[in-house]
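Note sheet for the following structure.
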């Protein structure tokens, strides 16, 4: 993991970012089996010119991917506590919130969905989102078993997130890892990347090299 010892180069000033036409995307990954697709998602995002990507992971999500397959800086709860030692030290979830122009949570599992809907911030990822600047886009990609998706509380929680101004990239119908077939699978990677590109176009940034 890249050390967080030089905040200036790693968190460039807003003016410099605009001049260089950089767009900073923070990807959040949670403990759904769809986290298996994280390496592919990052690889596809990095094909977009001018895009800088960092990842925030929950501890449960680590079960589904190999960190060595992620070619960008990857942050977890441990980094939050290692960075802050005392008053005036940088606070990682605030630094990441400032750095990012867009946040993409893919996948968003049922547990983290419930946390976000209720304002719970008990890990690095949920702290970033609790502190999120609502003038910036936040996209979320639900992913869970069909039985969990169809529970009435899920629709209520999704609507709460949309009420905050977040954008849902809907889950899809397919055969799930458990063998069930139904709605609940994370949207395809290409769909997610196209959604990011649309936001880049709204920011007048190129999406093709």
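The values are calculated or read from the model by the stated rules, or taken from the named source; none is laboratory data. Predicted model, so just to flag it, every value in this text is computed and none were measured. Cβ sites come from the backbone with ideal geometry, for glycine too, and all protein chains shown count toward neighbours.
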Extreme residue, nearest to residue 165 (Cα to Cα), among residues of segment 126-146 that are in contact with a helix residue (DSSP H, G or I) (Cβ under 7 Å, 6 or more places away or on another chain) and assigned to a helix (DSSP H, G or I) = 129
Give segment 17-49 a look and list any residue that's within 16 Å of residue 203 (Cβ to Cβ) and either outside any loop (DSSP other than H, G, I, E, B) or modelled with pLDDT of 90 or more (or both), or say none.
-> 17, 18, 19, 23, 24, 25, 26, 45, 48, 49
Out of (1) buried (at least 19 other Cβ atoms within 10 Å of the Cβ); (2) within 16 Å of the chain's Cα centre (by Cα), the odd one out for residue 48 is which?
-> (2)
Of the residues in segment 117-141, how many are closer than 22 Å to residue 76 by Cβ and in contact with a strand residue (DSSP E or B) (Cβ under 8 Å, 6 or more places away or on another chain)?
-> 9
Going through segment 151-187 in order, the residues found to be at pLDDT 95 or above, in a loop (DSSP other than H, G, I, E, B) and surrounded by fewer than 16 Cβ atoms within 10 Å (Cβ to Cβ) are 151, 164, 165, 170
